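*Asks:* Take a look at this one; I'll ask things after.
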Amino acid sequence: MSPSSITFLVHQLVDTQVYFFRGIAVVIYVHTLSFNQGFVPGYMREDEGVPHTGALYTYMAEQGYFVMTYDQVGTGIRVLEDAPFYSRYPNSSKFARMVSDVHAAVDFVYCLSVAGHQNASCQTGEAHDATYPDKLAALPRTNMSSVTVVGYSVGGTVGLHAAALDSRITAVASLAGVAAWRQPMPESTGGLRRWYEWFGLLPRLGLFDKDPGRIPYELDEVLAAVAPRPLLLYTPQRDRDTVYQDVQELAQRAQRHYSSSGVAARFTWEAPNRINILTNTDILVFARWMKQQQH
């Protein structure tokens, strides 16, 4: 995550009365691919007959959480990072940068915790180079015992990988963010091409296009690596980017892993019979799940 994106985030939140930072339990929101708007959800809609929520990050802030979000690499104000990415980082991938950015977000909220304020490593870097360092000092302390990452679509996949690799993340919610990489998928879903060709997130996945069974790991292994921490899987059955039967099998394997580990209650799986589009219905499912985690 670049210093400019952190600066933009702080600028946005300070100029809106810092209401994003009203709580101490932390929610980090990782958006889907929205190249022109970044984290601003131009892709969402509201279902009739369901309470209004607005964007996920504003709604959760209004519920009293400390909410952090940012533009992912190649989107929003960071769209110009996209074209030169692989000439600058030929041995990496944009997906790896997205996962790394989540770790940077956790670093950021750690530096706003009581322990972080006492840590010398938090006295330099983005938290102090931002446009409004005096405003940062006035923000409430974060609670590092409650750091939840929630991601939608590609953001949900990013969040799962970040949680598998970072034990500071205490819970994770993936909204339409699970697909079976090792299973052949119909061309209509985009399959692996969505990852290695269309968006260039994981170019080396293209090496396995003809034989996806050789991919080094499957997503249920990532889900298992999140255990024993609380996990919410929200998998719409009519998601055009996936084959639901494959997603169902992944979720069931993860469910069995949680059960065999003695933490079955920490695994939540919802599979509504609906298309994949982020709505107030989906946001309220996440909000209810979050409330359950706080008790």
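The values are calculated or read from the model by the stated rules, or taken from the named source; none is laboratory data. On a predicted model such as this, the values are computed, not experimentally measured, just so you know. Quick reminder, even Gly has a Cβ in these numbers, built from the backbone with ideal geometry, and neighbours come from all protein chains shown.
So that you can scan it fast, the table gives a plain yes or no per residue for (1) among the aromatic types (F, W, Y); (2) within 24 Å of K94 (Cβ to Cβ); (3) touching a Ser or Thr at 6+ places or on another chain (Cβ under 9 Å):
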| position | (1), (2), (3) |
| --- | --- |
| R204 | no, yes, yes |
| R214 | no, yes, no |
| Y217 | yes, yes, no |
| T242 | no, yes, yes |
| Q245 | no, no, no |
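*Asks:* Only residues that are under 20 Å from V109 (Cβ atoms), over 15 Å from the mean Cα position of the chain (by Cα) and of a type in the set (A, V, I, L, M, F, W, C): list them for region 25-65, please. Give the steps one after another, and end with the answer.
*Replies:* Keep residues of region 25-65 that are under 20 Å from V109 (Cβ atoms), which gives 25-31, 38-39, 55-65.
From what's left, over 15 Å from the mean Cα position of the chain (by Cα): 25, 58-59, 61-65.
Result: A25, A61.
*Asks:* Just to be sure, is D209 crowded, with 17+ Cβ neighbours inside 10 Å and free of Cβ contacts under 8 Å to residues at least 40 places away in the same chain? Let's see the steps before the verdict.
*Replies:* Numbers: crowded, with 17+ Cβ neighbours inside 10 Å: no; free of Cβ contacts under 8 Å to residues at least 40 places away in the same chain: yes.
Taking the combined requirement at face value, the residue does not satisfy it.
*Asks:* What single numbered condition from (1) more than 17 Å from G155 (Cα to Cα); (2) among the charged types (D, E, K, R); (3) assigned to a loop (DSSP other than H, G, I, E, B) fails to hold for D246?
*Replies:* With (1) more than 17 Å from G155 (Cα to Cα); (2) among the charged types (D, E, K, R); (3) assigned to a loop (DSSP other than H, G, I, E, B) applied to D246, the lone miss is (3).
*Asks:* For region 25-45, give me each residue that is at pLDDT 90 or above and either part of a loop (DSSP other than H, G, I, E, B) or in contact with a Lys or Arg (Cβ under 9 Å, 6 or more places away or on another chain) (or both).
*Replies:* Those that are at pLDDT 90 or above and either part of a loop (DSSP other than H, G, I, E, B) or in contact with a Lys or Arg (Cβ under 9 Å, 6 or more places away or on another chain) (or both): H31, T32.
*Asks:* Test each condition in (1) crowded, with 17+ Cβ neighbours inside 10 Å; (2) more than 18 Å from E46 (Cα to Cα) for N276 and report the one that comes out false.
*Replies:* (2)
*Asks:* Conditions: (1) under 30 Å from F85 (Cα atoms); (2) in contact (Cβ under 8 Å) with a residue 60 or more places away in the chain. L284 meets all but one. Number of the miss?
*Replies:* Single failed check for L284: (1).
Each row is one residue, and each column tells you yes or no for (1) under 13 Å from T235 (Cα atoms); (2) of a type in the set (A, V, I, L, M, F, W, C); (3) surrounded by 15 or more Cβ atoms within 10 Å (Cβ to Cβ).
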| site | (1), (2), (3) |
| --- | --- |
| Y258 | no, no, yes |
| S261 | no, no, no |
| A271 | yes, yes, yes |
| D282 | yes, no, yes |
| V285 | yes, yes, yes |
| M290 | no, yes, yes |
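*Asks:* For region 98-120, indicate whether the set of residues that are modelled with pLDDT under 90, crowded, with 20+ Cβ neighbours inside 10 Å, aliphatic (A, V, I, L, M) and assigned to a helix (DSSP H, G or I) is non-empty.
*Replies:* Taking every residue of region 98-120 in turn, at least one turns out to be modelled with pLDDT under 90, crowded, with 20+ Cβ neighbours inside 10 Å, aliphatic (A, V, I, L, M) and assigned to a helix (DSSP H, G or I).
*Asks:* Let me spell it out: the conditions are (1) part of a helix (DSSP H, G or I); (2) surrounded by 16 or more Cβ atoms within 10 Å (Cβ to Cβ); (3) out of contact with any Ser or Thr (no Cβ under 8 Å at 6 or more places or on another chain), and S87 meets all of them except one. Which number is the exception?
*Replies:* Looking at each condition in turn, S87 falls short on (2).
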